[in-house]
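See below for the structure under consideration.
The values are calculated or read from the model by the stated rules, or taken from the named source; none is laboratory data. Keep in mind it's a predicted model, so treat the numbers as computed, not measured. Counting neighbours? That spans all protein chains shown, and the Cβs are built from the backbone with ideal geometry, glycine included. Calculation scope for accessible area: heavy atoms of the full protein, side chains included, ligands and nucleic acids excluded. Shrake-Rupley method; radii C 1.70, N 1.55, O 1.52, S 1.80 Å.
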Amino acid sequence: MRYGKLIFTLFLLYTIIFNNAIKIFGQDENLSEEETVFDSMDMSEEEYNDEDIIPAYLDENGEPVIVAKSAVVIDADTGVILYGKDENAMHYPASVTKVLTSLIACEETEPSDLVTFSDAAVYGIGEGSSSIAVRVGETLNMEQCLHAILMASANDVCVGVAEFIDGTEAAFAERMNRRAKELGAVNTHFANSHGYHNDNHYTTAYDMAQILREAIKSERFMESFSCLTYTIPTTNIVDEERPLNHKAKILWEESPYYYQYIKGAKTGFTDQAGNTLISYAEKDGVKLICCVLADRGVNTYTDTALLFDYSFGLYSTQTLVSPGELSIVLPAVQYYNGRTIDLGEVTASVKDSYSAYVPGAVNKDTITVSYDVPDTITAGAAVGDVLGQAEIYYGGNLLTSLDITADTAAELIPEDVLIREEKLEELISLAVKIGIGVIIFIIVVFIINRIFNSKMYRHKRKYKKQRRRYRKARRNNERNNRR
């Protein structure tokens with residue numbers, strides 16, 4: 001009996017040491033299908049028993065009550081915030097970080113690009129990281145990498161992709177931060193490509209929603225973001241296929257947490273971040289993005305489902321612009337031969353009505369209008385001509401652009417009329433010049449005549465004075481001779 005216990009104890013020790021050796025040194029290249037599936041399972045989502053779930057609900061005012069400490073729902077087309085709960089508070093994102101990693105991969109690579117994994121990618125991903133157990137020197141193409149990242153939340157693949165794009169994960173993290181700022185994520189800083197905990201790796205629900213808003217524009221991203229099952233074939237090192245199942249239960253119809261309008265999702269979990277989830281849903285043409293951070297277990301799904309239902313329920317068809325409601329006045333001029341001719345003013349307005357399926361917060365009092373029209377009409381305008389656009393904004397986001405058409409006309413003056421007018425003006429100008437010349441000539445003649453007459457007058461006076469002196473002198477001489 002004593003020997004039996006000893007043998008059993010030695011067997012247990014051997015089993016533990018042998019299995020740990022395989023994990024540490026990664027030499028078991030003939031990975032069985034069962035082990036492959038296990039390694040690709042969701043190791044980033046903390047599970048809770050159903051009895052521990054705190055249901056999300058609407059309070060007496062119809063407002064959502066959720067477990068997540070921070071959450072946001074935005075309209076994917078316009079960016080309008082439909083719901084927010086501390087949406088700008090900073091939290092650790094965990095694996096929802098991979099949304100930006102995947103977006104950059106879609107922007108910077110081709111599906112056929114080959115990624116060969118380094119020692120750092122395989123062994124430097126942190127204890128307990130989710131992975132698909134890639135091997136040093138193993139090669140996957142970028143399409144396989146994206147599925148591994150967004151479906152299996154593979155940290156090892158994230159590092160390999162980061163190194164492929166920028167050489168090192170640190171350099172890739174710098175690229176992530178630049179791209180995040182470009183997308184409006186101003187309260188975000190990423191320290192790695194996968195979301196493994198780092199005190200300097202944080203974001204907000206709103207920032208992540210902005211990042212996903214850009215990512216869903218990529219067909220490559222959406223293919224992996226929404227894919228339920230995918231198989232990575234044998235590679236240059238691993239001779240077994242790797243079947244992948246998407247971790248997000250909200251995507252699976254057989255799951256109690258399935259949401260019928262969901263189009264894609266990404267989960268995340270670390271002890272410091274709690275559970276995180278970012279997702280995208282469509283209903284009746286409305287596209288919504290929801291992000292919950294610092295949540296608890298499967299409450300990420302119940303919170304998200306309630307927030308989607310609540311936000312979809314805010315929408316109704318509203319008339320935001322009526323015909324003739326938006327009107328402006330524009331000056332009209334005509335340029336001809338270096339001249340500017342005033343043609344008066346043109347009144348223009350929006351002729352069409354604009355109705356949209358929008359949330360209740362959007363109405364005529366909340367929209368703003370920006371006119372994209374010329375400062376001056378220079379080519380003439382007929383009634384009905386399109387002169388520009390009226391851009392309709394809500395919350396700083398463009399809803400639509402509507403044509404502005406002329407209500408009054410400003411006709412250009414025909415060129416032959418302008419030529420005749422110009423010739424007439426030239427004749428008038430010449431006549432005026434001639435008239436002015438004649439007047440000037442008369443004045444000059446008058447002045448010369450006055451000057452001449454003045455000289456003659458002075459000369460006559462001088463002559464008369466001389467004659468008087470002469471006569472006087474002669475009379476004096478005659479008197480003297482008589483004496």
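If you go through segment 262-285 and keep only what is hydrophobic (A, V, I, L, M, F, W, C) and open to solvent by less than 10 Å² (accessible area, probe 1.4 Å), you end up with A265, A273, L277, I278, A281.
Does at least one position in segment 171-188 carry a residue that is closer than 25 Å to N245 by Cβ and either part of a loop (DSSP other than H, G, I, E, B) or touching a helix residue (DSSP H, G or I) at 6+ places or on another chain (Cβ under 9 Å) (or both)? No: segment 171-188 contains no residue that is closer than 25 Å to N245 by Cβ and either part of a loop (DSSP other than H, G, I, E, B) or touching a helix residue (DSSP H, G or I) at 6+ places or on another chain (Cβ under 9 Å) (or both). Among the numbered conditions (1) within 26 Å of E240 (Cβ to Cβ); (2) within 22 Å of the chain's Cα centre (by Cα), the only one that T203 does not meet is (1). Put simply, of I434, I440, I392, I447 the only residue that is under 30 Å from K287 (Cβ atoms) and either of a type in the set (V, I, T) or assigned to a helix (DSSP H, G or I) (or both) is I392.
Just so you know, in segment 108-121 the residues that are assigned to a helix (DSSP H, G or I) and touching a helix residue (DSSP H, G or I) at 6+ places or on another chain (Cβ under 8 Å) include one that is nearest to C158 (Cα to Cα), and it is A121.
Restricted to segment 367-376, and to residues there that are open to solvent by less than 50 Å² (accessible area, probe 1.4 Å) and assigned to a loop (DSSP other than H, G, I, E, B), the residue that is nearest to L399 (Cα to Cα) is V373. The sole residue among A409, A473 that is at pLDDT 85 or above and open to solvent by less than 70 Å² (accessible area, probe 1.4 Å) is A409. Each residue in segment 308-340 was checked for being small (G, A, S), assigned to a strand (DSSP E or B) and open to solvent by 20 Å² or more (accessible area, probe 1.4 Å), and 2 of them qualify.
Checking each residue of segment 221-239 against the condition of being open to solvent by 20 Å² or more (accessible area, probe 1.4 Å), within 19 Å of V72 (Cα to Cα) and modelled with pLDDT of 95 or more gives no match.
In segment 58-75, the residues that are among the β-branched types (V, I, T) form Cβ pairs under 6 Å with partners that are loosely packed, with under 13 Cβ neighbours inside 10 Å and at pLDDT below 95, at six or more places apart or across chains, as follows: V65/Y57; V65/D59. A single member of I211, I132, I149 is over 25 Å from I289 (Cβ atoms) and crowded, with 22+ Cβ neighbours inside 10 Å, and it is I132.
Tell me which residues, restricted to segment 189-213, are in contact with a helix residue (DSSP H, G or I) (Cβ under 8 Å, 6 or more places away or on another chain) and part of a helix (DSSP H, G or I). Listed by number, the residues that qualify are D207, M208, I211, L212.
Among the residues making up segment 61-75, those that are open to solvent by 10 Å² or more (accessible area, probe 1.4 Å) and not acidic (D, E) are N61, G62, P64, V65, I66, V67, K69.
For every residue, the table says whether it meets (1) touching a strand residue (DSSP E or B) at 6+ places or on another chain (Cβ under 7 Å); (2) farther than 30 Å from I341 by Cβ.
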position	(1), (2)
V369	yes, yes
D385	yes, no
N397	no, yes
E411	no, no
E425	no, no
S454	no, yes
Y470	no, yes
N476	no, yes
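On the stretch given as segment 106-125, residues that are open to solvent by less than 30 Å² (accessible area, probe 1.4 Å) and out of contact with any Cys (no Cβ under 7 Å at 6 or more places or on another chain) total 6. On the stretch given as segment 341-366, residues that are assigned to a strand (DSSP E or B) and closer than 25 Å to T78 by Cα total 8.
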